[in-house]
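Encoded as structure tokens, the structure appears first; notes follow it.
The values are calculated or read from the model by the stated rules, or taken from the named source; none is laboratory data. Since we're looking at a predicted model, the values are computed, not measured. FYI the Cβ positions are ideal-geometry reconstructions off the backbone, even for glycines, and counts take in every protein chain you see.
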Amino acid sequence: MKVTFIGCGNLVQAIIKGLAQSSRPMNEFYFYSPSQLKAKELASRYGGNHLDDLQGHQSEIVVLAFKPQQLQAGMNNAHRVTSNESLVVSLLAAVDLATLKKHISAQAYLRLMTNTSCAYQKGVSTYLSTEQNEKTQYWLDLMKKVSSLYQMQNEQQIDYLTGLNGSGPAFLYYFLQQWINELNTHPLLENISLEQKQSLVLETLASAYASLQAHAEPTQLISQVASSKGVTLAGLEKLSQQLDLNAVMQACYQRIQDLK
Ligand SMILES: NC(=O)c1ccc[n+]([C@@H]2O[C@H](COP(=O)([O-])OP(=O)(O)OC[C@H]3O[C@@H](n4cnc5c(N)ncnc54)[C@H](OP(=O)(O)O)[C@@H]3O)[C@@H](O)[C@H]2O)c1
């Protein structure tokens, strides 16, 4: 099955890196990016083929991986390699199935929102497709190698959850960076190296994740750490006053509406 990636930026690089680690043969993959640089880099690093030109190339699965802001030009390129037998897979935020159908005529369409942890085979993806057929199954089987998959009931669910599985890793990185900055500027820790401070923060994350994997119930774990009138509770009270996750998710959702 030929799988052609239109756009080869951060997300495609993560997916291909993850697939390469799964020992998946790469010869069915074709990469195209207008500047050619990233397409060539992918093909030379992981195998597969880069396309200098889309002329005369047709693909069973066409994966859209440009920015939503590049929609018209990207769709024009995708259109050239798509036939009425193709499956169009969109990795784009904020672009719904109706918009895909308006731009490109294909047999089936699949929208998938994932994240760059596919590089470590730890992606988290939501998806919705217009039909189940051999090609959609083929694509989902590929993605299963690098990501968990959650089928959604409608596209609003994909849009809303983009604030979690699409953007959420960046929020967690931000939180951890704030923690590192805090340790780094505190006078009590002047004599401790930055490396050790980074390690302390990341190891704390890993230890919390180990407990979560064993129990999977955050509230119960919190109660084990936070005793009445204790240290943790003092911090938690402050955190709950400042962290407004609903506002964060709404900001993401609103941005998706603005991009439409
Ligand atoms: N990054 C993430 O964590 C993430 C997570 C979820 C969803 N997404 C979605 O994934 C998509 C790609 O994101 P990204 O972060 O990978 O973007 P990116 O790193 O900016 O890469 C964009 C790619 O699109 C190519 N491109 C630009 N104009 C094009 C055109 N007219 N035709 C074909 N390709 C074109 C660029 O080519 P050149 O290399 O030649 O410039 C580049 O390879 C976006 O729609 C985004 O919403 C990303």
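If a residue counts only when it is among the β-branched types (Val, Ile, Thr), which strands (runs of 3 or more DSSP E) contained entirely in the range 90-194 have at least 2 such residues?
Values: elements: 108-113, 123-129, 147-151.
It comes to 123-129.
Within the set of pairs 6 or more residues apart or between chains, which connect a residue that is on the phi < 0 side of the Ramachandran plot and crowded, with 16+ Cβ neighbours inside 10 Å inside the range 116-129 to a residue that is among the hydroxyl-bearing types (Ser, Thr, Tyr) and part of a strand (DSSP E or B) with Cβ atoms less than 6 Å apart?
118/147; 123/147; 124/148; 125/147; 126/150
Can you pull out every residue in the range 36-65 that is in a loop (DSSP other than H, G, I, E, B), under 13 Å from residue 4 (Cβ atoms) and within 11 Å of the ligand (Cβ to nearest atom)?
Hits for the range 36-65 are 51, 54, 65.
Out of (1) in contact with a Ser or Thr (Cβ under 9 Å, 6 or more places away or on another chain); (2) at negative phi; (3) within 13 Å of the ligand (Cβ to nearest atom), the odd one out for residue 7 is which?
(2)
Are any of the residues in the range 17-28 of a type in the set (Ser, Thr, Tyr) and within 12 Å of the ligand (Cβ to nearest atom)?
No - not one qualifying residue is present in the range 17-28.
List pairs: first residue in the range 49-61 and surrounded by 14 or more Cβ atoms within 10 Å (Cβ to Cβ), second residue of a type in the set (A, V, I, L, M) and assigned to a loop (DSSP other than H, G, I, E, B) anywhere in the structure, Cβ distance under 8 angstrom, at least six positions apart or on different chains.
57/51; 60/1; 61/1
Could you check, for the range 130-149, whether at least one of its residues is in contact (Cβ under 8 Å) with a residue 12 or more places away in the chain, touching a Gly at 6+ places or on another chain (Cβ under 7 Å), closer than 28 Å to residue 205 by Cα and crowded, with 17+ Cβ neighbours inside 10 Å?
yes
Could you please let me know if residue 225 is in contact with a helix residue (DSSP H, G or I) (Cβ under 8 Å, 6 or more places away or on another chain), of a type in the set (Val, Ile, Thr) and at pLDDT below 95? It would help to see each step written out before you state the result.
Numbers: in contact with a helix residue (DSSP H, G or I) (Cβ under 8 Å, 6 or more places away or on another chain): yes; of a type in the set (Val, Ile, Thr): yes; at pLDDT below 95: yes.
Against the criterion (in contact with a helix residue (DSSP H, G or I) (Cβ under 8 Å, 6 or more places away or on another chain), of a type in the set (Val, Ile, Thr) and at pLDDT below 95), residue 225 qualifies.
Assess whether residue 254 counts as being under 21 Å from the mean Cα position of the chain (by Cα), modelled with pLDDT of 95 or more and either surrounded by fewer than 12 Cβ atoms within 10 Å (Cβ to Cβ) or outside the structural domain of residue 183 (by TED's automatic domain parsing) (or both).
Working: under 21 Å from the mean Cα position of the chain (by Cα): yes; modelled with pLDDT of 95 or more: yes; either surrounded by fewer than 12 Cβ atoms within 10 Å (Cβ to Cβ) or outside the structural domain of residue 183 (by TED's automatic domain parsing) (or both): yes.
The answer is yes for residue 254.
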